[in-house]
Amino acid sequence: MEEMIDVSSRASKIEYAIRDVVVPAIELESKGHDIIRLNIGDPLAYEGISTPPHMISAFKDALDMQENGYGPSYGIPELRHAISISESSKGWICNDDDVYVTHGVTEALQIIFAAFLNEGDIVLAPGPHYPPYMAYPQMYGANTVEYRLKSSDGWKIDLADISSKMNSNVRLLVLINPNNPTGNVATVEEIDALIKIANEWPQCTIIADEIYDGLDFSGNMVSAASRSNKTPVIVLNGVSKVYFAPGWRVGYLAIHDPKNVLSLVRDGIERLLRSRLCASTPAQYGFLAGLNGDKSWLKNHRLTIKNRLDYCIERISQIDGLDCEPPGAAFYLFVKITKPNLSMDDKNFVLDLLHKKHVLVVHGSGFSPEFGNGHFRMVCLPKIEILDIAFNRISEFLSD
């Protein structure tokens, strides 16, 4: 037998729970089983929620005009300007040069981590959280430490836990708001308190991941950048969730630097962006149309999602063995498994549910081994008729 070629340790340790659970689902589908997929936050995978036609037309027009070559590394100027106006409307001064367009928010994270992190540095992120916050820092010799979100109190931020874990090695303090996977929306008071903690550490920058800000149903959504007058804040957002075009892979990072302390980091970010060329040029024109065009369509999309979200909360409340803190935003539910014999191994729960009832959700420990264990995440995006079938199967599974 030939000797196996070694894989790098950084690649072998990467986990992405949302898509990892798809592997056994695909195997079941290949055998003829119909799977109800409630695992991934892709609105376009479900009926009734689609990308606005004027954005698609702008994408197509860009192709027709041959606007599909390499673009500027930091984003096309028109889009950077539109984003700066959008961010400024949220209460902070954002200039065009503060905006950098990326290949989705995921690439923005990779760029930020590469520009900030060295061996031994720490990223302090909420638990539970979007998986790349745990997976990517290790690629740069850094480590992610989780601060607690209060599972029995609407997933509010545990500010005391943040304070206890802050030290000089924490380079990035992450605020995912609205939160994925819990759907919690931080209050102004929570954001101000978090910023106050960060102010005590001069090498700390806040990452404000606000990709779901337009799907806030709580009325509490506030831009973190608008609240900081000292600590720098890097805002993340994009076209995928609120403009319903996830496959276009266009996001951005916008830098709020009130004390001008990020000049070296900016230089690093710009070097990294130049080295990878650019984000998709025609997709940027599509995003531009979304920012500059009519937004009345969003009302119906929001209403559809809210109706489906409310339906899910009602059904969960009727199922013995499940509990869920009502989310204030986005289209996720982070559901607690209340039967001790099932909650001890939430991944096994998810795989059993998949194989026995053909419903696919994501194990909560995939979003945080410590703070997500004993839960599962599901989306509310399918039509209510499909959600009804899914919940009937989940109820039967728990009864069995």
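Residues in segment 143-161 that are surrounded by fewer than 21 Cβ atoms within 10 Å (Cβ to Cβ) and among the hydrophobic types (A, V, I, L, M, F, W, C): 3 in all.
Restricting segment 294-306 to residues that are charged (D, E, K, R) and part of a helix (DSSP H, G or I) leaves a set whose member that is farthest from GLU396 (Cα to Cα) is LYS299. Taking ASN373, is it more than 30 Å from PHE244 (Cβ to Cβ), in contact with a Ser or Thr (Cβ under 8 Å, 6 or more places away or on another chain) and not aliphatic (A, V, I, L, M)? When the stated conditions are applied, ASN373 passes them. Within the bounds of segment 22-31, is there any residue that is assigned to a loop (DSSP other than H, G, I, E, B), modelled with pLDDT of 85 or more and out of contact with any Leu (no Cβ under 7 Å at 6 or more places or on another chain)? Scanning segment 22-31 turns up at least one residue that is assigned to a loop (DSSP other than H, G, I, E, B), modelled with pLDDT of 85 or more and out of contact with any Leu (no Cβ under 7 Å at 6 or more places or on another chain). Return yes when GLU87 is over 18 Å from HIS256 (Cβ atoms), at pLDDT 95 or above and either assigned to a helix (DSSP H, G or I) or among the polar types (S, T, N, Q) (or both) and no when it is not. Spelling it out, it is not the case that GLU87 is over 18 Å from HIS256 (Cβ atoms), at pLDDT 95 or above and either assigned to a helix (DSSP H, G or I) or among the polar types (S, T, N, Q) (or both). Put simply, of LEU291, LEU309 the only residue that is buried (at least 21 other Cβ atoms within 10 Å of the Cβ), in a helix (DSSP H, G or I) and not small (Gly, Ala, Ser) is LEU309.
Restricting to segment 301-343, name every residue that is of a type in the set (Ser, Thr, Tyr) and either free of Cβ contacts under 8 Å to residues at least 24 places away in the same chain or assigned by TED's automatic domain parsing to the domain that holds LYS150 (or both). Of everything in segment 301-343, those that are of a type in the set (Ser, Thr, Tyr) and either free of Cβ contacts under 8 Å to residues at least 24 places away in the same chain or assigned by TED's automatic domain parsing to the domain that holds LYS150 (or both) turn out to be SER317, THR338.
GLY247 passes every criterion in (1) at pLDDT 95 or above; (2) surrounded by fewer than 16 Cβ atoms within 10 Å (Cβ to Cβ) apart from (1).
Within segment 32-84, the only residue that satisfies the criterion of being touching a strand residue (DSSP E or B) at 6+ places or on another chain (Cβ under 6 Å), surrounded by fewer than 20 Cβ atoms within 10 Å (Cβ to Cβ) and in a loop (DSSP other than H, G, I, E, B) is ILE35. I'd like to know if segment 107-119 contains one or more residues that are surrounded by 24 or more Cβ atoms within 10 Å (Cβ to Cβ), assigned to a strand (DSSP E or B), modelled with pLDDT of 95 or more and in the same structural domain as PRO258 (by TED's automatic domain parsing). No, because not a single residue in segment 107-119 is surrounded by 24 or more Cβ atoms within 10 Å (Cβ to Cβ), assigned to a strand (DSSP E or B), modelled with pLDDT of 95 or more and in the same structural domain as PRO258 (by TED's automatic domain parsing).
Using the structure shown, decide if ASN237 is outside any loop (DSSP other than H, G, I, E, B) and either aliphatic (A, V, I, L, M) or in contact (Cβ under 8 Å) with a residue 40 or more places away in the chain (or both). Taking the combined requirement at face value, the residue satisfies it. If you check ILE195, ILE191, which single one turns out to be of a type in the set (Val, Ile, Thr), under 22 Å from GLY328 (Cβ atoms) and surrounded by 22 or more Cβ atoms within 10 Å (Cβ to Cβ)? The unique qualifying residue is ILE191. Contact map, segment 386-398: residues that are farther than 18 Å from LEU309 by Cα paired with residues that are surrounded by fewer than 16 Cβ atoms within 10 Å (Cβ to Cβ) and charged (D, E, K, R), Cβ distance under 8 Å, separation 6+ or inter-chain. Pairs shown: PHE397/ASP352; PHE397/LYS356; LEU398/ASP320; LEU398/LYS339. If PHE331 satisfies every condition in (1) at pLDDT 95 or above; (2) within 30 Å of TRP155 (Cβ to Cβ) but one, which is the exception? Only one criterion in (1) at pLDDT 95 or above; (2) within 30 Å of TRP155 (Cβ to Cβ) is unmet by PHE331, namely (1). When restricted to residues that are closer than 17 Å to THR102 by Cα and touching a residue at least 60 places away in the same chain (Cβ under 8 Å), segment 60-79 contains 11.
Matching residues to (1) of a type outside the set (Asp, Glu); (2) out of contact with any Leu (no Cβ under 8 Å at 6 or more places or on another chain):
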{"residue": "ASP257", "(1), (2)": "no, yes"}
{"residue": "ASN260", "(1), (2)": "yes, yes"}
{"residue": "LEU264", "(1), (2)": "yes, yes"}
{"residue": "ARG276", "(1), (2)": "yes, yes"}
{"residue": "TRP297", "(1), (2)": "yes, yes"}
{"residue": "LEU303", "(1), (2)": "yes, yes"}
{"residue": "ASP310", "(1), (2)": "no, yes"}
{"residue": "ALA330", "(1), (2)": "yes, no"}
{"residue": "PHE349", "(1), (2)": "yes, no"}
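Need the failing condition index for TRP92 against (1) over 20 Å from LYS196 (Cα atoms); (2) in contact with a His (Cβ under 6 Å, 6 or more places away or on another chain), just the number. For TRP92, the exception is condition (1). Among the residues making up segment 182-221, a single one is in contact with a helix residue (DSSP H, G or I) (Cβ under 6 Å, 6 or more places away or on another chain), farther than 30 Å from ASN39 by Cβ and either outside the structural domain of ASN118 (by TED's automatic domain parsing) or in a loop (DSSP other than H, G, I, E, B) (or both): CYS204. Consider segment 74-102 and keep the residues that are over 20 Å from ASP267 (Cβ atoms) and of a type in the set (D, E, K, R). The one that is farthest from the chain's Cα centre (by Cα) is GLU78.
Look at (1) in contact with a helix residue (DSSP H, G or I) (Cβ under 7 Å, 6 or more places away or on another chain); (2) at pLDDT 95 or above and you find that VAL242 fails only one, number (2).
The values are calculated or read from the model by the stated rules, or taken from the named source; none is laboratory data. All figures in this text were calculated on a predicted structure; none of them were measured in a lab. Here the Cβ is made from the backbone with ideal geometry for all residues, glycine too, and neighbour counts use every protein chain on show.
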